[in-house]
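Since the structure comes first, as structure tokens, the remarks are kept for the end.
The values are calculated or read from the model by the stated rules, or taken from the named source; none is laboratory data. The model shown is predicted, which means the values in this text are computed figures rather than measured ones. When we count neighbours, we look across all protein chains shown, and the Cβ atoms used for this are built from the backbone with ideal geometry, even at glycine. Calculation scope for accessible area: heavy atoms of the full protein, side chains included, ligands and nucleic acids excluded. Shrake-Rupley method; radii C 1.70, N 1.55, O 1.52, S 1.80 Å.
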Amino acid sequence: MRGGGGRRGVGCRARSRRRHPGRVVATTGPASSPVAADPPAASGPSGRPTTGRVVLGPIVRSIRYLAREALHLPDPQAGWIVPALRAFRRTGPGWTPDVILATGPPFSVFVVAAALARRHGAPWVADYRDLWTVGNEYWAHGRSRLRRLLDHRLERRLLRTVSRCVTVSEPLARSVRAAFGVRTDVVMNGIDRQPTTPAGGAARAALGVPPGTLLLAHTGLLYPGRRDPTPLLRALSLLGAERQQVHVVLAGPETGVAGAAVTRCGVAELVSVTGRVTAAESWQLQAEADVLVLLMWDDPRDAGTVPGKLFDYLRARRPILAIGCADGVAADLVRSRGAGVVLNDPVEIADRLRTWLTEKRTTGQVAALPGSALDGLYREDRMRAYVELLGAVVAARR
């Protein structure tokens, strides 16, 4: 299982009549499929938008919005569904799966899994690393009421045929059970056992951050009104002269949230907004940071969310500053593992920054998390429970 941002797709535990017992057949999912790519935008010879496009901008935007609503059902990877089913048909008549496991998002994989299950008479399991139409405020943002209704009806129809659901926390599991009446188990993401090691301060050097500076890093998406760095940036403004010894990096696709917060708090000289980075650059930054920032929504509706990057953060073994729902599953995990602190008040965050600054000045570094903080959270620990669950599904069908 992926601790965030990895490939997802449909996997089938296969039973072959051609003397290949227990063979695993899987696809990489639509994330790497060429058919899922969006067509390039129309432009003039210089690569700039044409004049007609400028004049008709609002109309074109409206048409594109409606096309997205109609064609990207259930998601932009919908174009992968037909090629995926064709690929499975090429396996031949001797191939029969014992159980089909589909992990989303994207939820196009659920459509493929349900079709394969119907064709082969096999059970299938819907694995939600994030929820879809129920209990996911991030998904609902930006979608029309009609589109949310269509997606919800599609999800309900697909889950009528599912044998079991799996998700990452008990609050999310309760949401699925209540909405669809399907047995739902909890299997969290896990940590990659391979450690991340700094490459001689390359990430700091690229950012122009001196070695003695306390470096805080956040990697991943920011959402307006939900994942916002404002409490942390306000804390920086409260540090007085010490603020010059702290630097914050916000790395991830730019949504406008980071820039607006930096301007609002007046701390532009203390913050780097990098935009999108590669997975390797993200891991390197996490390894070299003194403290990793986990931004979540400070709302009870986010209590069940467990971001995949939390497990990447734990892998880096850097202290975590969690900002968001203090009673959530992610916050409980940070506290129970001694992996950091959960704070929302800028004054309290400023006090914690001073503590880390003192530690760095005194010892030259902020201490890494002990290895014991990761015990039982590795991927192989999670997979043992998952294999048992899939075995139970197969046994129940037989």
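Name every residue in region 71-83 that is open to solvent by 30 Å² or more (accessible area, probe 1.4 Å) and outside any helix (DSSP H, G or I), in order of residue number.
His72, Leu73
How many residues are in contact (Cβ under 8 Å) with a residue 60 or more places away in the chain and of a type outside the set (Val, Ile, Thr) if we restrict to region 374-397?
14
How many residues, within region 240-257, are part of a helix (DSSP H, G or I) and touching a Gly at 6+ places or on another chain (Cβ under 8 Å)?
Selection size over region 240-257: 1.
Any residue in region 344-373 that's in contact (Cβ under 8 Å) with a residue 40 or more places away in the chain and under 17 Å from Asp290 (Cβ atoms): show its pairings with residues that are of a type in the set (S, T, N, Q) and assigned to a helix (DSSP H, G or I) at Cβ separation under 8 Å, as long as the two are six or more apart or on different chains.
Partner pairs satisfying both residue conditions: Leu357/Gln245.
Look at Tyr128 and say whether it is among the aromatic types (Phe, Trp, Tyr), in contact (Cβ under 8 Å) with a residue 12 or more places away in the chain and surrounded by fewer than 20 Cβ atoms within 10 Å (Cβ to Cβ).
So Tyr128 fails the test.
Considering only residues that are touching a residue at least 40 places away in the same chain (Cβ under 8 Å) and of a type outside the set (A, V, I, L, M), which ones fall in region 146-173?
Arg147, Asp151, Glu155, Thr161, Ser163, Arg164, Cys165, Thr167, Ser169, Glu170, Pro171
Could you list all residues from region 305-327 that are open to solvent by less than 30 Å² (accessible area, probe 1.4 Å) and hydrophobic (A, V, I, L, M, F, W, C)?
If the condition is that a residue be open to solvent by less than 30 Å² (accessible area, probe 1.4 Å) and hydrophobic (A, V, I, L, M, F, W, C), then Val306, Leu310, Phe311, Leu314, Ala316, Ile320, Leu321, Ala322, Ile323, Cys325 are the ones that fit.
Within region 307-322, can you find the residues that are at pLDDT 95 or above, closer than 21 Å to Arg129 by Cα and not in a helix (DSSP H, G or I)?
Ala322
Quick one: which helices (runs of 4 or more DSSP H) sit completely within region 328-398 and have at least 1 residues that are over 30 Å from Pro123 (Cα atoms) and open to solvent by 50 Å² or more (accessible area, probe 1.4 Å)?
Counting at least 1 such residues, we get 329-336, 346-363.
Could you list, ordered by first residue, the pairs with Cβ atoms under 6 Å in which the first is in region 297-314 and without any contact (Cβ under 8 Å) to a residue 60 or more places away in the chain and the second is buried (at least 24 other Cβ atoms within 10 Å of the Cβ) and in a loop (DSSP other than H, G, I, E, B), at least 6 apart or interchain?
Listed by first residue and then by second, the contacts come to Asp298/Gly324.
Would you confirm whether or not region 288-296 contains a residue that is among the small types (Gly, Ala, Ser) and either open to solvent by 20 Å² or more (accessible area, probe 1.4 Å) or part of a strand (DSSP E or B) (or both)?
Scanning region 288-296 turns up no residue that is among the small types (Gly, Ala, Ser) and either open to solvent by 20 Å² or more (accessible area, probe 1.4 Å) or part of a strand (DSSP E or B) (or both).
Those residues that are within 19 Å of Arg129 (Cβ to Cβ), open to solvent by less than 70 Å² (accessible area, probe 1.4 Å), out of contact with any Asp or Glu (no Cβ under 9 Å at 6 or more places or on another chain) and not acidic (Asp, Glu), I need them from region 156-209; list them, please.
Once the filter is applied, which keeps residues that are within 19 Å of Arg129 (Cβ to Cβ), open to solvent by less than 70 Å² (accessible area, probe 1.4 Å), out of contact with any Asp or Glu (no Cβ under 9 Å at 6 or more places or on another chain) and not acidic (Asp, Glu), region 156-209 yields Leu158, Leu159, Val162, Ser163, Ser169, Pro171, Ser175, Val176, Val182, Thr184, Met188, Asn189.
Given the condition touching a residue at least 12 places away in the same chain (Cβ under 8 Å), open to solvent by 50 Å² or more (accessible area, probe 1.4 Å), under 22 Å from Ala322 (Cβ atoms) and touching a His at 6+ places or on another chain (Cβ under 8 Å), answer yes or no: does some residue in region 271-281 qualify?
no
May I ask you to list pairs of residues, at least six apart or on different chains, whose Cβ atoms are under 7 Å apart, with the first in region 205-220 being in a strand (DSSP E or B) and the second being open to solvent by less than 10 Å² (accessible area, probe 1.4 Å) and polar (S, T, N, Q)?
As it stands, the answer is Ala217/Gln286; Thr219/Gln286, since those pairs meet every condition given.
Assess whether Val249 counts as being touching a Ser or Thr at 6+ places or on another chain (Cβ under 6 Å), of a type outside the set (Lys, Arg), at pLDDT 95 or above and crowded, with 19+ Cβ neighbours inside 10 Å.
Yes.
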